[in-house]
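What follows is one structure encoded as structure tokens, with my remarks underneath.
Any read-out appearing in this document is the output of simple, stated calculations on the displayed coordinates, not a laboratory observation. Predicted, not measured: the structure shown is a model, and the values here were computed from it. Here the Cβ positions follow ideal geometry from the backbone for every residue, glycine too, while neighbour counts run over all protein chains shown.
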Amino acid sequence: MFERVATSVPGVVIIQPKVFRDARGFFLETYHEEKFAALGITDRFVQDNHSSSRRGTLRGLHYQLRHQQAKLCRVVRGEVLDVAVDIRRGSPTWGKWTSAVLSAENKRQIYIPKGFAHGFVVLSDEAEFLYKCSDFYDPSTEKGIYWADRQLAIAWQVAEPVLSDKDSRYPQLADVPPECLPVYEAL
């Protein structure tokens, strides 16, 4: 059983799973194709990724153009702030972002449709972040938006994040040529 929680950006949703606890610990389903379809999430997921990062690490904001990926994200150790930015040309919410705190404790997941830039920052000492993708990773189509884009003004909760060299060099959203952005299709 899953509860769908809307966010401020249509299409991006928080999934709260039903957690069964007893003296032994807990059990939960993290994915069930039919139950997710009943919530409106019908993507076929083809790749699972798992990263481990230390406090203050910011990964993102990433997207792929030709192999766009819907993502289903969760944390199994620690806590992160997960962020999705609508970068679809022609979208009524273009340039808007939403976020959710995902943690091993709250067991929430966030679903991010195709056409969004995605990133997260680690709020705990360490975090293990898992996510399903609806298309395969293709480094030749990887793109990104600068994490501290002035117009987006994302409240990352970390003043000086730990970044990869690549993530520190991405352009501001306003500087990305239109042909390098996904196109809006009603969800």
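The table below gives the values:
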quantity	calculated
The range 84-187: GluC sites (Glu not before Pro) in DSSP coil with no more than 15 other Cβ atoms inside 10 Å	E105, E185
Added length on full extension, which subtracts the Cα-Cα distance from 0.36 nm per residue, N49 to E34	3.2 nm
Formal net charge of residues neighbouring N106 (Cβ-Cβ distance under 14 Å; K, R +1; D, E -1)	+2
Note, ³J(HN,Hα) from phi for the range 19-25, Karplus 6.51, -1.76, 1.60, rounded to Hz, x at Gly and Pro	10, 9, 10, 7, 4, 7, x
Förster radius 22 Å - calculated FRET efficiency between S140 and V183 (Cβ-Cβ, nearest 0.05)	0.65
Computed Rg/Rh of the chain, alpha carbon atoms with Kirkwood Rh	0.95
Loop-resident sites, the range 82-187, for trypsin sites (Lys or Arg not before Pro), counting at most 11 other Cβ within 10 Å (DSSP)	R150, R169
Rounded Å value of the spacing that divides the Cα centres of the range 129-173 and the range 25-68	16
Nonlocal Lys pairs with alpha-carbon distance under 14 Å, the chain (8 or more apart, or different chains)	7
Candidates per chymotrypsin sites (Phe, Trp or Tyr not before Pro) in the range 31-77, loop by DSSP, up to 11 other Cβ within 10 Å	none
